[in-house]
Structure formats: C-alpha cells, structure tokens
1. All but one of (1) part of a helix (DSSP H, G or I); (2) of a type in the set (A, V, I, L, M); (3) touching a helix residue (DSSP H, G or I) at 6+ places or on another chain (Cβ under 6 Å) hold for B:VAL239; which doesn't?
2. Of the residues that make up the stretch A:149-165, is at least one of a type in the set (Lys, Arg) and within 14 Å of chain B (Cβ to nearest Cβ)?
3. Among residues belonging to the stretch B:42-89 that are over 17 Å from B:ILE213 (Cβ atoms) and among the aromatic types (Phe, Trp, Tyr), point out the one that is farthest from the chain's Cα centre (by Cα).
4. Consider the stretch B:211-236. How many of its residues are among the acidic types (Asp, Glu) and in a helix (DSSP H, G or I)?
5. Within the stretch A:224-253, count every residue that is more than 19 Å from A:ASP385 (Cα to Cα) and under 16 Å from the mean Cα position of the chain (by Cα).
6. I'd like the full set of residues that are assigned to a helix (DSSP H, G or I) and under 30 Å from B:TYR66 (Cβ atoms), limited to the stretch B:162-190.
7. Please pick out the residue among B:PHE38, B:PHE54 that is assigned to a helix (DSSP H, G or I) and farther than 30 Å from B:ILE104 by Cα.
8. Is one or more of the residues making up the stretch B:35-56 modelled with pLDDT of 90 or more and buried (at least 19 other Cβ atoms within 10 Å of the Cβ)?
Amino acid sequence: MTNPENAIEVKNVRKKFRIFYDKSNDLKDRILFRNRNHYEDRWVLNGISFSVKKGEAIGLIGHNGCGKSTTLKLLTKILYPDEGSIAMQGRVSSLIELGAGFHPDMTGRENIYTNASIFGLTRKEIQKRIEEIIEFSELEEFIDNPVRTYSSGMYMRLAFSVAINVDANILLIDEILAVGDANFQKKCFDKLREIKSRGTTIVIVSHALGQIEQICETSYWIENGLIRESGIPKIVHDHYLKHMEDKRTEQLEKQHEQPVLPAPELPGFCEKTAVRMGTQQVIFTNAELRNLNNQKQYIFDTEQEIKIFLQYHAEHPVNLKGNFGYGIFREDGLHCYGTNILIETGDYIPIQENGEIEITFRNFLLPARYFLDIAVHSHDGIIYDDIRQVLSFVISSKKQDIGVCRLPSEFSWR
Amino acid sequence: MIKLCKELYAYREMIFSLVRKDLRGRYKGSVLGFLWTFINPLFQLIIYTIAFSFILPSAIEKYYLYLFVALIPWIFFSSSLQGGANSVMASQNLVTKIYFPREILPISYVTSCFVNMLLTFIIIFLVVAVSGVGMNLQAIFCLPVIMLIEYMIALGLALLFSAVTVFFRDMEHILSIITMAWIYMTPVLYPIETISNSEIQKLFYLNPMTSVIVAYRDILYYAKVPDFSTLLIALFFGVTSLILGELVFSRLKKRFAEVM
C-alpha cells in the first residue's frame, strides 16, 4: 500500500487463462500426448492499474468478456494475478455468489449461520447480527422453515441480507441489484448507500449503468483487458453507450451487406462532446435554449424561466407517434431532472415531417455548469434520436444558498 | 504459515458449521437419524463376532474385539483419505464463487470423520468393558495422543490429495485402489507378528498407519501403554505428512478456481 488512504491498489495486473482445445485431465492422455500442445494462453487482463480510496465507490463497466468480472474475482482472491500486484486493506465481503453453501434441508436461520460463517464471521458476530439480518430479509414468518420451501425471490432475499450485513470494509458486488421485487431492490439500494456513508469502499460490476451513476464517484470502462476510460460515471457511460451503438450498427451493416443506418453525425447545433444514438428515422435539426422573449441564451439565473426549443425532421412521418423528452445533468454527472411528453400529458404525439417542440420550465437549479440531453422515442420504445450533452448551460445566482436545487423557503418565527 | 493459522482461526465458525452440516446431513431424512452413527458400528461388531466365532474361527482370542479396535481407526483414516481427496472438488461452487482459506475444506471433512470416530468409540468402550478385557488407565491416557497423531496423518494426506485431485481427476480412482491395498499392508486384520521375517516387519513400519494401528491395539486390546518408539514413529509421520500436505496445497490452491 503506497498510499495509506487507499483501500485498494491494483498495479499492472495481468491475467491469462489457459484455454484447452480438448480438455482432458486423465492419465492416458497425459502420457500419450505429453508433448502435444493443445491449449492456448488467452490474456484476459493486459495490465490494469487503479486505486480506490477508503470510502469511495467505483463501477466497472464493459461488454461481456472484457475482463471486468475477472478483475472482481482477482479482488475477491478467487483468482490470482499472473503479473502485477493487488493490495487491499480491511475485511472484504463479496456479493458475487449469493447464497453460497445454502443447504435446502436446513432452515433459514441455520442457513444464515452457515452462510455468514463462510464470510468469516464468528458465532458471536453472527448472533449479534441475526435479528437485523432476519428483519432486513422480511422473512420473519418463514425463518424456521427449510429453505427448500422458499420461493426463489425469498431465497435471494435471505442470501442478500446475510451478505450485506457482514460489515465489511470493502464490498465487491457483481450484478446483484436484481434481487426480489421493486420494493426490495429499493431497500437494497438504500442499504448500499447507508453502508457507503459509513465509509465502506465499494466496487460494483454491472450492466445497470444507472445504478453505478447513482452510487459511484468513478467509473472504469474496461475493454480488451485494458482500462479504456475512467472518470465521472455519467460521462464515461455516454461514451461507452455510443461505442456500443456504433458497434451494433457496424454489425447490422455487415449482416445486410449495405449500410442500413447512416452513422449519426454531429450537426452544428451540438456541443463537441455530444454523443448521438438512435435509428435516425426522426432527427433533431436544431436545439436551443431561450429565455421567455425567445432570445438564445446560455446563462440563466436560478428561478428564471427557461425554454428548450427543438426542431426535428422525419423522413417518412406517416402514422409515426412519438415521445419527446429531455434530461439535465450537472457537470459531475448528477442526474438533476428528466421528463417527457408521455409523463406530462399521458399520451404520445403524432410526428410531422418537420416539427417544433417547446418546453418551458422554471429553473430551480443552483449555480453550476449543466448538460442537456434530448431524445425522441417511438411509442414502442425504439430510439429514433438521442443526443447526450447536446447543449451545455450555466446557472448563476446572487443568493448564497447551497445544494442541488432551490427549495423556495419561507422562514417564519414567533 | 502463521498468517494461515490466524486466518483459519478467524474462519473457525465455518469449519464448525461445515462439520455440523456434514454430520447432520449424513443421516438426514432417515427415521433413526443420528442414532445410525451408533447402530452402524454396533451391527458391524455383531456380524464380526458371529462370523469369526462360527464361520471362520480365528486363533486369536476375542478376535472380534481384536479386529474392531483396529478397524474403527482404519475406517476413519481411509474415509478421510478418499472423501478428503474429493473435498475441494465437491465444493466446486464455493471455490469458484467466494473467497475463504481453501484449507478449510479438507480440514472440515477430516474433522467430521474424526468426530464420527470419537462417537463410535463410545461403542468400543462399551464392548471393551463388556468383553472383560479391562482397561488400563495409563494406557487410556495415551489414547488422545495417538488419535491426534492419526488426525495429523489423515489431514496431511487429505490436503495433499485434495489439491492434486483438482488438477488430476484420476487421483480419486487411483486412491480407492490404493486404500484397498493399504489395509492389507497394515496390521488391521492380522497381528504384525504374522510377518515372521523381521526385516520385512521393519519395512512395514515405513507405512505410517502401522505404528498407529499397533498403538491403538496396545491400548484397547492388550490394555498396555504403547511403546514409546511406536508413538515417536507415528508422530514423525504425522508431522511430515502435515507439512508435506500443506506445502503442496498452498502451492496449488491459487489456481483451483481456474481449472474447476
């Protein structure tokens, strides 16, 4: 550990897997084909370095097979690096395999003991936590029934409750926030935030980019065993999504042997950092921010009215119905607000050949630099056009209030 | 090494819970349940008594007891060896998904076999008392010592073979042949004195289990304190086996998850 403030330090880690063409571990083959070289070394990680400060949360993203899960397994010490070093400080708990070692014939309570013991808890520590675990799992009535009588949702709930109540210093999570119903998911997420606020370091591997954006300070995009980009989650994710979209288009083109979709280019009204996606059946042709006098403006005061002015064009508008929406992100990736026509009016709107959309809102955001995202979707969810960070704008204010947005407050006193 | 001990101590609850799970799971669902731990050896003994009294009478006095006091420790050893060798492979889903000191798997398997043997010893004591052989208190004090030594030998070999089996699956089947032959290379069914050639008899003591079985029999059948040299040889094998086992295990364990 070169920096005592770090909880995790990963230095130049490389990892290879031996891929056997014809895997056989038996004696005959070993003797007979001693010199036959029927395997190949595949490097999954090609030199990854990063460090995580105590109490920080990071996300690892990337397409399947990019090496993100391998990285997590190295951190868990299930696998060991071939080159480089990994240093960790504190007790590590992993939400990689939920319910490891559950025995179907034993009761929920007994399984809590077994499962928690696998995380290295002593009997005393488990006894101290058991009420909390049972309460969190919401399985009070069933806790003394054998686990085989549980539904799969109950099973996962119990497993998650154990794993998250281990009180680790470092928590490693692989695609787990898909546990139980929406209510329980929210509860898990809140618990995760609580754990984080207590100073636990968290590493998440997930395809649910939104979840990473909500909880992590930094996101690492891993590709071909290397870190391709790291930084504020929202920004890294936009680049990642754009990259995936490009690849998808490329594949489609290959399939059809001709370009199906023109690669969406960035028109003049966009910021240089903007990212465009979608089928481009409907395209935005203009986007402006205006004040109520219809003048272009990019610096607003808090509590000033802002108008988003959009123009679009549709090649074949016949019978197209669509949903227009926007989102506002702060410079550091915080999702401040988002809505669309469907949410506001309860219906989709017909798409013209050339149309205009005006959205007016009273801005309560506090001083900072913000980005605007705009999108148009079909009624069945096809993305026609989606431009992330199409515009940036700045909010200023003379008042000294702090936070994300202004909650107009009245003080009264007696 | 010290680090490993510390870690194993921190994970002690896992060992307990795996042992508990194993002991309880063994007779799960049967009507008599845990009682089978006692019924099994009891009937084994009854069958031997009948067999060796009427069908195949032996020259050795109270041969059933002679056999029984050696056979129970042998069963502990052979099941530790065979099951222990498979213990890492059998917990594939744990090893590939979660971190814990891998040594726990063979340790808890061997320990559960050991606990099983201890329980069977209740029957042995009963039989020894009933048969009128009598007990030598001094000798009985040696019993925990030899048990501990046997535990060390069994654990060392379980560590060794459980690690090797992961990379070389044939080991499991090779081991079952080895244990089959091993029982005849150990004086379990016959007295060591049967080997008349003293040179060959010495050769038998190269087998770690020979001195162990001889010691058990001295204590329980002859009711005498075993020779100090016998215990010393056994202890030597115990320590060697444990060190060798852990040496191999710690070298191989890092790649377990990759080849499973």
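1. (3)
2. The initial filter retains those residues of the stretch A:149-165 that are of a type in the set (Lys, Arg), namely A:157.
After this cut, where a residue has to be within 14 Å of chain B (Cβ to nearest Cβ) as well, the list is none.
No - not one qualifying residue is present in the stretch A:149-165.
3. Among those that are over 17 Å from B:ILE213 (Cβ atoms) and among the aromatic types (Phe, Trp, Tyr), it is B:PHE54.
4. Taking the stretch B:211-236 first, the residues among the acidic types (Asp, Glu) are B:218, B:227.
Still in the running and in a helix (DSSP H, G or I): B:218.
Total satisfying the criteria: 1.
5. 6
6. Taking the stretch B:162-190 first, the residues assigned to a helix (DSSP H, G or I) are B:162-167, B:171-185.
Listed by number, the residues that qualify are B:LEU175, B:SER176, B:ILE177, B:ILE178, B:THR179, B:MET180, B:ALA181, B:TRP182, B:ILE183, B:TYR184, B:MET185.
7. Numbers: B:PHE38 fails: farther than 30 Å from B:ILE104 by Cα.
Of B:PHE38, B:PHE54, the one residue that is assigned to a helix (DSSP H, G or I) and farther than 30 Å from B:ILE104 by Cα is B:PHE54.
8. The initial filter retains those residues of the stretch B:35-56 that are modelled with pLDDT of 90 or more, namely none.
No, there is no match, as no residue in the stretch B:35-56 is modelled with pLDDT of 90 or more and buried (at least 19 other Cβ atoms within 10 Å of the Cβ).
The values are calculated or read from the model by the stated rules, or taken from the named source; none is laboratory data. Everything quoted here is computed from the prediction, not taken from an experiment. Positions of Cβ are generated from backbone atoms using ideal geometry, with glycine treated the same way; all protein chains shown enter the neighbour counts.
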